[in-house]
1. Within straight cross-link reach of residue 498, meaning Cα distance under 21 Å, which lysines are found once same-chain residues fewer than 8 apart are removed?
2. Taking all pairs of distinct Cα atoms, average 1/r, flip it, and tell me the Kirkwood hydrodynamic radius of the stretch 86-136 in Å to one decimal place.
3. Per-residue counts of other Cβ atoms within 10 Å, averaged by peptide: what ranking do you get for 488-500, 165-177, highest first?
4. What are the ³J(HN,Hα) values, in whole Hz, obtained from phi via the Karplus relation 6.51 cos²θ - 1.76 cosθ + 1.60 with θ = phi - 60°, for each residue of the stretch 263-278 in sequence order, with x given for Gly and Pro?
5. If you wrap a convex hull around the C-alpha atoms of the stretch 387-502 and split its volume per residue, what is the figure in Å³?
6. Restricting everything to alpha-carbon atoms, can you work out Rg to Rh for the chain with a Kirkwood hydrodynamic radius?
7. In the stretch 375-483, which trypsin sites (Lys or Arg not before Pro) fall in coil by DSSP and have 15 or fewer other Cβ atoms within 10 Å?
8. To test your reading of the geometry: what angle, between 0 and 90 degrees and rounded to tens, separates the Cα axis of helix 9-26 from the longest principal axis of the chain?
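The values are calculated or read from the model by the stated rules, or taken from the named source; none is laboratory data. Small disclaimer: the values here were computed from a predicted structure and weren't measured. Reconstructed Cβ throughout: ideal geometry from the backbone, glycine too, with neighbour counts over all protein chains shown. Note: areas computed on protein heavy atoms with side chains; ligands, DNA, RNA excluded. Shrake-Rupley method; radii C 1.70, N 1.55, O 1.52, S 1.80 Å.
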Amino acid sequence: MTEPLRWPTTAIFAVVTAGSLLIAELSTFDPSGNGQQVLSTLASIQAAIFAIVFSVVILGIQLSTSRYSTRLADLFRTDGVYKQTVGVFAASLGVDVAALLAFNHVSLYTLRFTLSAAVGLAIASFFLLYFFVDRTLEQTTPEGIIKRVKQELTPDQVIADAEAADNDPSETDPFLVPVSIIRSAIDDRDVPAATQGLNVIDNQVEQLLKQVSTSQVEEETPVGDSLEDLCTNRLPNAGEKTVDEDLEEAGSETVDTLSSIGSNAVEQSHEPIVVHSSQGLGKLVSNVDFGTTGETVREYAIDESGGMLKEAAEAELWDAAGTGIRLLGWRAAQSIVRRDPTEIRKIPYGSLSIKYIPNVFSKVVDGVSNDIDEDRVFRRASRREEVDTPVEEWALWSCYASMTEITSAFIRFELQHGEEIVDWSFARTGWTKCISTLDESDFDLMLQYWLGAILYLEYIQFEADTRVMSDFRAASRYDVPGDVMERAIDGILNEDIKPQKHIDHLPGRIDPVELPRSGYLVPPISDPERSFKEWLEIQKETYVNRAEGNGMFATRIIESDNDA
């Protein structure tokens with residue numbers, strides 16, 4: 001963008017005054033003859049040019065506001081260059097008029113000074129007007145207005161605007177205008193402009209997160225509410241629009257912006273913003289359509305969200321990691337239950353079950369203390385304030401709940417449509433990783449719950465009328481001690497452990513963060529030949545022997561041990 005003259009208004013007046021005094025002092029010309037004509041001509045020309053040019057500028061502003069956002073008018077109105085230009089032009093015209101009125105009543109020295117000042121101000125005003133017009137017209141282009149908006153998105157200005165919007169509903173949110181410009185670029189299929197706008201938001205939010213404290217971005221704070229709206233509404237809605245317009249590159253850039261905001265928040269330990277970023281990415285996972293562009297954006301959103309949440313777990317931001325992974329599992333389940341049988345693409349969901357949930361779970365198990373209340377994790381863990389669950393327990397529960405919900409969605413899709421939505425070997429590997437992580441920890445009761453869930457999954461596989469969950473048989477259960485497997489089975493039979501209820505909940509329905517542990521219980525198998533407990537009583541000895549390496553598959557396990 002063309003830069004305006006850097007001189008402040010006072011400097012312009014000082015230079016013109018000094019030059020006029022010097023001319024009046026050193027020159028000997030007599031302006032009394034044609035001075036009035038010169039002043040009249042200057043005033044007439046300036047007034048005419050200013051009126052014409054100002055009309056053109058107003059037209060340019062109208063074009064910008066109608067194309068991008070009506071809020072842009074305020075951006076032009078508060079522009080310092082605009083105020084400087086109008087001020088110098090008004091001063092120049094004022095000097096012309098004042099000199100004409102006093103022409104016959106002042107000394108020759110004063111006339112020389114006044115005429116010189118009038119000419120000097122006229123020249124300065126024309127230069128300022130040129131730069132102002134050039135700057136304003138450039139701002140009618142997408143690139144120009146984005147650069148202009150960037151100048152307003154400084155950390156201090158964002159904080160000030162957010163506080164003003166919080167106190168006065170008529171004031172605009174600091175991110176309303178830039179996102180409106182991005183959406184307009186998407187409407188015009190202008191991918192470079194949309195990408196440039198998203199990059200500006202990414203870079204400016206990064207600077208903002210470095211400057212503010214975590215208390216400033218909490219919920220119910222001006223900056224926190226502004227960033228929450230940006231991450232959970234404005235950017236996801238723009239991302240959905242890119243998919244509707246079949247703009248894959250712009251959609252991927254939206255995902256990049258959301259994940260970058262989350263990663264920068266992890267670096268600054270701003271947990272609320274990490275949660276908001278994961279909420280926004282989760283919306284894209286669940287809401288975009290199932291066309292080629294939508295699937296690409298969904299897969300990328302899962303990958304970026306999973307990587308960001310792993311970073312959060314590595315930084316021991318347990319609330320952010322737990323809430324994020326819980327939301328990601330829920331949103332993915334929502335996406336699955338919305339699909340038709342012809343709309344199948346296995347890759348996005350497979351990576352969630354084989355990689356991202358197990359990765360976050362592993363970091364949480366390795367990072368939390370061993371003295372947590374394991375029973376409370378499965379009975380009371382919640383993010384709601386009235387429950388007051390330690391964040392470590394919430395993170396552990398969230399991984400389990402997400403894994404069971406997404407697996408439940410896989411099963412229900414296959415039972416309903418007769419087609420696999422995921423490669424079950426991926427799901428098996430993911431469950432195996434989680435069981436192995438627990439087997440190497442001191443969380444005995446938690447291991448029993450996860451084993452119980454796997455037993456219930458195999459019960460579903462056996463009881464289904466049609467063959468489902470091919471290649472799932474989770475080898476992990478054979479790698480745990482026999483007494484642990486026996487305690488897990490006894491806990492289920494005694495109803496101390498109820499792993500089936502988490503899989504029986506209809507997936508993808510009620511927000512698991514706002515309303516945890518609630519939903520509709522509808523078992524995947526509606527009319528089984530035998531109940532889970534009945535089936536498990538029959539199979540108990542077989543499963544215990546497998547765990548000890550004495551039953552089915554024992555040969556395979558013994559050979560593997562010898563190879564090791």
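1. Result set, ordered by chain and number: 533, 540.
2. On the way: mean 1/r = 0.0862 Å⁻¹.
Taking every pair of different Cα atoms in the stretch 86-136, averaging 1/r and inverting gives 11.6 Å.
3. On the way: 488-500: 18.3, 165-177: 16.1.
In decreasing order of mean packing, 488-500, 165-177 become 488-500, 165-177.
4. 5, 5, 5, 4, 4, 9, 6, 9, 4, x, 6, 4, 5, 4, 5, 5
5. Values: hull volume 13.3 nm³, N = 116.
Per residue, the Cα convex hull of the stretch 387-502 comes to 114 Å³.
6. Working: Rg = 34.2 Å, Rh = 27.9 Å.
In the chain, Rg relative to Rh is 1.22.
7. Qualifying residues, ordered by number: 380, 384, 467.
8. So the helix axis and the longest Cα principal axis differ by about 20 degrees.
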